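**Q** Before I ask anything, let me first share the structure, which is written out below as structure tokens.
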């Protein structure tokens, strides 16, 4: 049987509380995916999917005739739109493969599938309360698009916006060490492209106890504190911040296009897209770890802060003494004026 394929989709994402959720679109009461789409779903290559499917059919776990359907798909080939007939596999095959594939994404799928199955066995049904509360079908891509627009409209500085953009990655987990390391790498790439220095190199080269505010251009609170001097963005100039904001705008434009086209983005894809943006703007890519380690730069900045703070306190004491002297002179002047009046 040959039929036209619809828009079957399975989208993994992780909520703020760390729970795995999967958004699905069903066609004819099941989901149909090609081997290529299954490979994308479980983050493995197509031969691995093909191998697992062959084993599933050979071992009799599923019947090929009952789980495979030939469907027509329309795709762009050069300047032409061409109709191709491809094998699509239903939900039974997708689940069977999901329990055999060895990947982080497949593990997430098994966690989700096991949870749904447990609910079904205990209650006799499995419902998603979030969707039941809404008249219209909830959609991952609609929510993603809304989040992107919120980021664009926010008054947050570029660093916070970048963090928010990366949090929309399909595989983002804010608690993972991988996410923290990944974000630091991205920060350094951006800073290097704009300033020619990594975050640590900016701190080491621009922190100066002899300069006003120790060379910082922004800080938290009313005065520069020790916490502020170890943050690279606090040393950036107005034109550098403008350039970085332009990169963020390019990111947001790209993210909106992906959401409208219903394409998910991983952290690694975001990283690759950053490299592409920087190359397009003819900016240098960071290909090394930098000449200064983060811990060394922080220690240097904090030592310089001690010297800066000592000078500041001395200057404040002198200013206070000067103010006291001025006040005493005013008192003496008023007393003399009173005597003259008598």
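**Q** Evaluated at 10 °C with a viscosity of 1.306 mPa s, what Stokes-Einstein diffusion coefficient in µm²/s does the stretch 176-250 have when Rh comes from the Kirkwood expression over alpha-carbon pairs?
**A** Reported coefficient: 120 µm²/s.
**Q** Still on this structure: Mind giving me the FRET efficiency for residue 310 and residue 92? R0 is 56 Å, r the Cβ-Cβ distance, nearest 0.05 is fine.
**A** 0.15
**Q** Whole angstrom only: what separates the Cα centroid of the stretch 188-231 from the Cα centroid of the stretch 149-171?
**A** First find each Cα centre; the distance between them is then 22 Å.
**Q** Here is a follow-up. Among 197, 313, 299, rank each residue by its count of other Cβ atoms within 10 Å, from fewest to most, as a rough exposure measure. All intermediate terms of the calculation are to be shown ahead of the outcome.
**A** Working: 197 21, 313 10, 299 13.
Ordered by Cβ neighbours within 10 Å, fewest first: 313, 299, 197.
**Q** When all C-alpha to C-alpha distances in the stretch 140-305 are sorted into bins of 10 Å, what percent of pairs does each bin hold, rounded to whole numbers?
**A** 10, 36, 35, 16, 3, 0
**Q** Another question about this same structure. Mind giving me the FRET efficiency for residue 266 and residue 63? R0 is 25 Å, r the Cβ-Cβ distance, nearest 0.05 is fine.
**A** Values: r = 34 Å, r/R0 = 1.37.
With R0 = 25 Å, the Cβ-Cβ based efficiency is 0.15.
Bear in mind that the values in this text are calculations on the coordinates, not laboratory data. Since the structure is predicted, the reported quantities are computational estimates derived from the model, not experimental observations. When we count neighbours, we look across all protein chains shown, and the Cβ atoms used for this are built from the backbone with ideal geometry, even at glycine.
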